[in-house]
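**Q** Pasting a structure below so you can have a look.
None of the figures in this text is laboratory data; all of them are computed from the coordinates on show. All figures in this text were calculated on a predicted structure; none of them were measured in a lab. Cβ coordinates were reconstructed from backbone atoms using ideal geometry, including for glycine residues, and neighbour counts include every protein chain displayed.
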Amino acid sequence: MESASTLDDLLGRGAPDAAALITPEDGSQLRRDQLVDEVEELARTFAAAGVDQGDRVAFVLQNGPECVKSLLAIASLGAAVAPLNPAYTSEEYAFYIGDIAPRLVVVAAGEGEAARAAVPEGIAVADASAGEDGRMELSVAGSRLRPGSARTTADPDDIGLILHTSGTTSRPKQVPLLQRNLVASAETIASFYALGPDDVSLCVMPLFHIHGLVASTLAALAAGGSVVAPRRIAPRRVWQQLADHGVTWFSAGPTLHHMLLDRASDAGAPSTLRFTRSCSSALSADLFRRAEETYGVPMLEAYGMTEASHQMSSNPLPPGERLVGSVGVATGTEIGIVDGDKRFLEAGEAGEVCIRGPGVTPGYLANPDANVDAFFDGWFRTGDRGTLDRSGYLRLVGRLKEMILRGGENISPLEIEDVLLSHPAVAEAVVFGVPDEKYGEVVAAAVALADDATEEELTAHSRAHLAAFKVPAAIHVLDEIPRTPTGKVQRRRIAEVIYPPVDDAGA
């Protein structure tokens with residue numbers, strides 16, 4: 001297959017008469033040639049609205065075909081797409097829109113009041129809706145925009161996507177991903193999982209997040225295959241959607257996999273399914289086993305992040321070995337482990353995970369201090385702590401800033417979470433450090449239960465499996481573990497809810 005350099009190149013792949021984009025709510029399908037045609041028309045409509053190469057366009061759209069078409073159309077102009085979470089508050093929109101400084105903000109017609117209220121004067125808002133023929137229409141100030149006759153074309157070095165880091169330990173940073181970054185990542189994923197024209201992906205991850213955008217959507221299109229793009233992510237419907245559309249693979253975070261397995265159909269997974277994938281947060285050994293038993297196909301845990309245009313490593317398809325507790329081998333990137341002095345370590349030694357490769361962002365926007373901290377000699381510092389074995393399998397042991405330092409001992413939250421999750425009553429667990437006068441920090445945990453259990457029982461279970469210094473000093477039972485919209489646990493924020501920081505000024 002000829003190598004691509006822009007997202008337009010990816011879109012042109014596949015048989016013209018093959019299904020490319022499927023909407024499960026109404027069963028409608030767009031053939032590859034129809035999708036190319038609609039994206040071209042929509043690109044000329046955005047151009048008529050003043051969007052040009054190098055501009056930025058924010059959109060606030062639910063998942064679904066309109067979201068996919070908007071991404072492809074804006075990127076085809078050489079403009080940058082900045083998808084925003086439809087669940088943000090006006091205050092959050094004000095920050096992100098102000099930071100992005102877009103030429104245009106696209107909002108679903110009749111929706112997005114919080115977003116509209118946050119758009120500063122001088123930035124146009126376009127209403128997006130589906131016309132009678134299903135084609136996407138844009139209106140500004142009540143007037144429908146008509147496609148122009150000409151438009152710019154994209155360059156591989158144009159920024160195709162702007163996303164923000166999750167900001168768990170600092171102010172969110174803008175991550176620019178070039179067209180060539182996105183293409184490299186999509187092609188790597190397609191190649192590593194042997195995706196082809198007969199493969200059908202079900203997108204059950206948000207399209208304002210790198211996971212859903214690149215893995216579930218762009219990689220499938222890069223392979224010439226099809227994407228099933230629901231307008232609403234509803235776990236209760238996923239099993240039926242898998243069967244209705246002959247889905248061959250799908251990717252989700254562990255939280256969603258957990259929900260799907262709890263709603264498993266008596267009929268089981270469709271015979272078309274050939275693998276499932278988990279990414280965005282750690283997959284427990286118990287969930288891995290349940291997934292393989294219930295789906296009846298290999299579960300492949302992967303490792304990705306926004307700055308890498310998503311995937312950096314993954315467990316391979318059979319006959320390759322799938323290692324429980326490992327995020328697999330490097331895919332399209334080089335992976336190294338370094339110490340605090342940026343010296344590369346030997347196999348088995350723990351340190352910071354660093355990567356380099358064609359999918360890695362060239363650097364944060366307007367943040368030179370962050371770039372100095374994050375990049376060295378062509379390598380990007382992920383902030384994750386891990387080990388590489390002699391076979392190249394990577395294991396993560398936690399975020400560097402989330403490692404718990406108790407009396408000089410480094411403790412991985414993931415190790416303790418695995419122990420808590422092995423108790424039959426524990427459905428979810430998150431472990432974090434809290435200040436302690438004697439040890440500097442001690443271990444604490446929050447759990448959500450599937451069955452009755454006391455803190456004393458869970459503490460005894462921990463003592464049976466952990467060294468004494470790793471046993472949580474306190475285990476808090478919550479109704480549910482708070483997560484981000486993409487299923488990530490933000491340990492420090494949970495810790496701050498349970499142990500609010502002391503306001504020294506008011507003490």
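**Q** Calculate how many DSSP beta bridges within the chain are antiparallel, expressed in % of all such bridges and rounded to the nearest 5. Provide the component values of the computation, followed by the final result.
**A** Working: 52 of 86 bridges.
Just about 60 percent of them are antiparallel.
**Q** ³J(HN,Hα) across the stretch 105-117 via Karplus (A = 6.51, B = -1.76, C = 1.60, θ = phi - 60°), whole Hz, x for Gly/Pro?
**A** 10, 9, 10, 4, 4, x, 10, x, 4, 4, 5, 4, 5
**Q** Something else: Under a plain spin-label model, where a point goes 7 Å from the Cα along Cα-to-Cβ, how far apart in nm are Ala15 and Arg492?
**A** Label at Ala15, label at Arg492, 5.2 nm between them.
**Q** Okay, next question. Highest first, please rank the peptides 67-77, 33-43 by the mean number of other Cβ atoms sitting within 10 Å of their residues.
**A** Numbers: 67-77: 26.3, 33-43: 19.5.
Answer by packing, highest mean first, reads 67-77, 33-43.
**Q** Using 7 Å Cα-to-Cβ label points, what is the Val324/Arg237 separation (nm, one decimal)?
**A** Inter-label distance under the simple model: 3.5 nm.
**Q** Another question, then. Suppose R0 equals 35 Å. What FRET efficiency, 1/(1 + (r/R0)^6) with r the Cβ-Cβ distance, do Asn367 and Leu261 give to the nearest 0.05? Intermediate values should be presented prior to the final figure.
**A** Numbers: r = 40 Å, r/R0 = 1.14.
Result of the calculation: an efficiency of 0.30.
**Q** Take every DSSP beta bridge with both residues inside the stretch 41-158 and express the antiparallel ones as a percent of the total, to the nearest 5. Mind dumping the intermediate values first?
**A** Working: 7 of 20 bridges.
Antiparallel: roughly 35 percent of the beta bridges in the stretch 41-158.
**Q** Could I ask something else about it? Would you mind pulling out the separation of the Cα centroids of the stretch 139-190 and the stretch 375-417, in Å?
**A** Here the answer is 30 Å between Cα centres.
**Q** How far is helix 455-465 tilted, in degrees, relative to the longest principal axis of the Cα atoms in the chain, given as a value from 0 to 90 rounded to the nearest 10?
**A** Around 80 degrees separate the two axes.
**Q** Can I ask one more? Hey, could you grab the Kirkwood Rh for the stretch 7-300? Inverse mean 1/r over distinct alpha carbon pairs, Å, one decimal. Intermediate results must be reported in sequence, preceding the final value.
**A** Values: mean 1/r = 0.0514 Å⁻¹.
Taking every pair of different Cα atoms in the stretch 7-300, averaging 1/r and inverting gives 19.5 Å.
**Q** Next question. Could you calculate the contour length gain from Arg483 to Thr153, that is, 0.36 nm times the residue separation minus the distance between their Cα atoms, to one decimal place in nm? Show your work: numbers first, answer last.
**A** Working: separation 330, 0.36 × 330 = 118.80 nm, distance 3.89 nm.
Fully extending the segment from Arg483 to Thr153 adds 114.9 nm.
**Q** Provide the gained length on full extension for the span Leu317 to Arg146, in nm with one decimal, where the gain is 0.36 nm per separating residue minus the Cα-Cα distance. Intermediate values should be presented prior to the final figure.
**A** On the way: separation 171, 0.36 × 171 = 61.56 nm, distance 4.67 nm.
So the chain would gain 56.9 nm between Leu317 and Arg146.
**Q** Taking K and R as +1 and D and E as -1, what net charge do the other residues with C-beta under 12 Å from the C-beta of Glu457 add up to?
**A** So the environment of Glu457 carries a net charge of -3.
**Q** Would you mind calculating the gained length between Asp377 and Arg135 on full extension (0.36 nm times residue separation, minus the Cα-Cα distance), in nm to one decimal?
**A** On the way: separation 242, 0.36 × 242 = 87.12 nm, distance 4.67 nm.
Stretched out fully, the Asp377 to Arg135 stretch lengthens by 82.4 nm.
**Q** Right, another one. Give the angle, between 0 and 90 degrees and rounded to the nearest 10, that separates the Cα long axis of helix 179-192 from the longest principal axis of the Cα atoms of the chain.
**A** Long axis of 179-192 versus the principal axis of the chain: about 70 degrees.
**Q** If I take R0 = 56 Å and measure r between the Cβ atoms of Ser271 and Lys438 in this structure, what FRET efficiency does the formula 1/(1 + (r/R0)^6) give, to the nearest 0.05?
**A** Values: r = 59 Å, r/R0 = 1.05.
Computed FRET efficiency for Ser271 and Lys438 comes out at 0.45.
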